[in-house]
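One structure is given here, and the rest of the page talks about it.
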Amino acid sequence: MRLGDKTLSRRGAAWWRKAITRPGAFRVLLVIDLFLLADAVGVLAFSRTPAPVNTGQISALGHGGPDSIQPPPVRLDVPTINVHSNLVDLALNADGSLDVPRDFGVAGWFARGVAPGGNGNAVIVGHVDSTRKAAVFYGLRTLKPGASIDVARLDGSSVTFVVDAVHQYAKDAFPTDLVYRSTGKPQLRLVTCGGRFDARHHRYADNIIAFAHLAADPVKSA
């Protein structure tokens, strides 16, 4: 997925508008559907229509002050699990749910949250597989502590995060605070589905979440 000039222009404008008008906190029922079909393990696909899964209520997403206003991310690279993806902006739907990437091979970031490199938790989500093949975050469950995560940004700079841990959680016990609560430090969360595939409800039972911290200050490309 290649970003055209018009797309970059819109993102740039949105970034500056956010820097001026973005609220320090908001309350919203966030429903992330990372429903993915597991043909890789022989499960038949009954539908491509996701079933919403409540992943908790975000009571506050503070942006941490002016120093946390960062250029939006445009690309994600996690070399150890062969993830090399452009990033799409994910907005909230009218029902309060978080939209998901339409392309199973592309990850997306929560654009109303913290941008990678800002003070707080930036959140990037992606599918684990599709009806035909592995998707962008298929290897997330195998990510090891110490691995690097690189995020390129709209202004040409990049930020690098280091993985602290990867955990699996039941969807009905999603760790909302650990994923979304403002930490006051630049951190990153990568989220996908995992665990047992529930053929009756057409979804995975669990979430796989990678936790990472900022390794160094942003680096400008040459």
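Coordinate-derived values only; no laboratory data. Note that the coordinates shown come from a computational prediction; the quantities given were computed from them, not determined experimentally. Glycine also receives a Cβ, built like all others from the backbone with ideal geometry; neighbour counts cover every protein chain displayed.
Remarks
- For SER158, net neighbour charge (Lys/Arg +1, Asp/Glu -1) across residues whose Cβ lies under 13 Å away: -1
- Taking each residue as 0.36 nm, the span from ASP198 to VAL219 lengthens on full extension beyond its C-alpha to C-alpha distance by 3.3 nm.
- Gain upon complete extension [THR131, HIS84; 0.36 nm per residue less C-alpha separation]: 14.9 nm
- Entries in LYS133/LYS220; LYS144/LYS220; LYS144/LYS171 that, when Cα-Cα distance is taken, lie over 31 Å: LYS133/LYS220
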